[in-house]
Amino acid sequence: MTAPLNLPAVRKRGAAGASARTGGSGRKKLFSKITWNAIGVVVFVLAVFPVFWMASTAFKPNDEIFSSTPKPLPADPTLEHFDVIVNGSVAEVSFWKYFGNSALLALGTVLVSGLLALLAATAVARFRFRFRTTFLVMLLIVQMVPLEALVIPLFLDLKQLNMLNSMWGLLVVYIGFAVPFAIWMLRGFVAAVPRELEEAAAIDGAGPVRTFFRVMLPLVAPGLVATSIFSFITAWNEFIFAFTFLDDQDKYTLPIMLQFFFGRSGNSWGPIMAASTLLTIPVIIFFLIVQRRMVTGLTAGAVKG
């Protein structure tokens, strides 16, 4: 004869087993979360520490910079290195001249590459034509070519075009390197815009140009912001092309200015760190202005393409 089933005891044992499984799963999730947070903190410290040391060294007097027992913070902060950079002259050229050249190239690269990339991305995303896939593949291949391998070919091309030692020639080079990446990024944003919006604008009497600027442009603005910061950093920090293609010191950019503080007899680390800190500030400001739209743009551009 079968013994009667004790339902309360069965329920109790089942609840205990489920609680144990839930507790074990919860501990695993907590451990995983703590581990990833710890890894994130380590990566953050490793990434930020060089920037912190650069800014700290910029405020240290020379005796602290060359001390055998360096300290993370300056004991006697000074602005003498910044005074050398801002109020002095490097190779008989003012700091603000270098700054203006870098700003002109960076902003020009952002504006022109953004416009060209948006037009090309619209064509790639909205129209079907021959070699469309080949064009997209070539955009990726261009990004794989080392920039150093193109210095001599570009030098010869600019020489034939009489654009050596010209800000315009350097700007064309920067735009050429920024456009492929911008096209690839913006293509996803344009493809995510519903065609019905363009059709509705056409029904209301808007032509292609008006539809592009009144409908398409506002919707892909986050994508333009996301690509602009990459174009800005590329042009702002570039050194090899500017140093190779420019001869007049009046046309030099900020990265070239830094190399004047490196010499055979020694390096002026105080001014180097001060100039590097000043060189970093515009990039940080630009990023802080567009960071919210940039995050939105990066996630939106990855949805459809």
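The values are calculated or read from the model by the stated rules, or taken from the named source; none is laboratory data. Values in this document were obtained by computation on a predicted structure and should not be read as measured data. Cβ: placed from backbone, ideal geometry, glycine included. Neighbour counts: every protein chain shown. SASA here: full protein model, heavy atoms, side chains in, ligands and nucleic acids out. Shrake-Rupley method; radii C 1.70, N 1.55, O 1.52, S 1.80 Å.
Looking only at the stretch 156-173, residues that are over 25 Å from Ala221 (Cα atoms), open to solvent by less than 40 Å² (accessible area, probe 1.4 Å) and assigned to a helix (DSSP H, G or I) come to 4 in all.
Conditions (1) of a type in the set (S, T, N, Q); (2) farther than 15 Å from Trp269 by Cα, marked per residue:
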| position | (1), (2) |
| --- | --- |
| Asn37 | yes, yes |
| Val42 | no, yes |
| Phe59 | no, no |
| Glu64 | no, no |
| Pro70 | no, no |
| Asp76 | no, yes |
| Phe95 | no, yes |
| Ser102 | yes, yes |
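Taking the stretch 257-270 as the region of interest, how many residues are of a type in the set (Gly, Ala, Ser) and either touching a residue at least 12 places away in the same chain (Cβ under 8 Å) or touching a helix residue (DSSP H, G or I) at 6+ places or on another chain (Cβ under 8 Å) (or both)? Steps first, please.
So in the stretch 257-270, the residues of a type in the set (Gly, Ala, Ser) come out as 263, 265-266, 268, 270.
Keeping just the survivors that are either touching a residue at least 12 places away in the same chain (Cβ under 8 Å) or touching a helix residue (DSSP H, G or I) at 6+ places or on another chain (Cβ under 8 Å) (or both) gives 268, 270.
The qualifying residues number 2.
Annotation note: Cβ proximity below 8 Å between a residue of the stretch 149-174 that is among the polar types (S, T, N, Q) and a residue that is open to solvent by 30 Å² or more (accessible area, probe 1.4 Å) and not in a helix (DSSP H, G or I) (sequence gap 6+ or interchain) occurs for Asn165/Asp247; Asn165/Asp248. Only residues that are farther than 13 Å from Ala274 by Cα, in contact with a helix residue (DSSP H, G or I) (Cβ under 9 Å, 6 or more places away or on another chain) and small (Gly, Ala, Ser) were counted in the stretch 41-82, giving 1. Looking at the stretch 174-269, the helices (runs of 4 or more DSSP H) lying wholly inside it that each contain 3 or more residues that are under 19 Å from Leu118 (Cα atoms) and within 27 Å of the chain's Cα centre (by Cα) sit at 221-237. Of the numbered criteria (1) of a type in the set (A, V, I, L, M); (2) within 30 Å of Gly88 (Cα to Cα); (3) open to solvent by 50 Å² or more (accessible area, probe 1.4 Å), the one Ala202 fails is (2). If only residues of the stretch 271-291 that are out of contact with any Ser or Thr (no Cβ under 9 Å at 6 or more places or on another chain) and without any contact (Cβ under 8 Å) to a residue 60 or more places away in the chain are counted, the one that is least open to solvent (accessible area, probe 1.4 Å) is Val283. Scanning the stretch 123-137 for residues that are assigned to a helix (DSSP H, G or I) and either without any contact (Cβ under 8 Å) to a residue 24 or more places away in the chain or open to solvent by less than 20 Å² (accessible area, probe 1.4 Å) (or both) turns up Ala123, Val124, Ala125, Arg132, Thr133, Thr134, Phe135, Leu136, Val137.
Look at the stretch 238-256: where a residue is closer than 19 Å to Pro271 by Cβ and among the hydrophobic types (A, V, I, L, M, F, W, C) and a partner is in a helix (DSSP H, G or I) and open to solvent by 10 Å² or more (accessible area, probe 1.4 Å), sitting 6+ places away or on another chain with Cβ atoms under 7 Å, you get Phe239/Pro255; Leu254/Phe99; Leu254/Leu279; Ile256/Phe243. Based on this model, can you work out whether Met185 counts as at pLDDT 90 or above, under 20 Å from Glu238 (Cβ atoms) and either among the charged types (D, E, K, R) or in contact with a Gly (Cβ under 8 Å, 6 or more places away or on another chain) (or both)? Taking the combined requirement at face value, the residue does not satisfy it.
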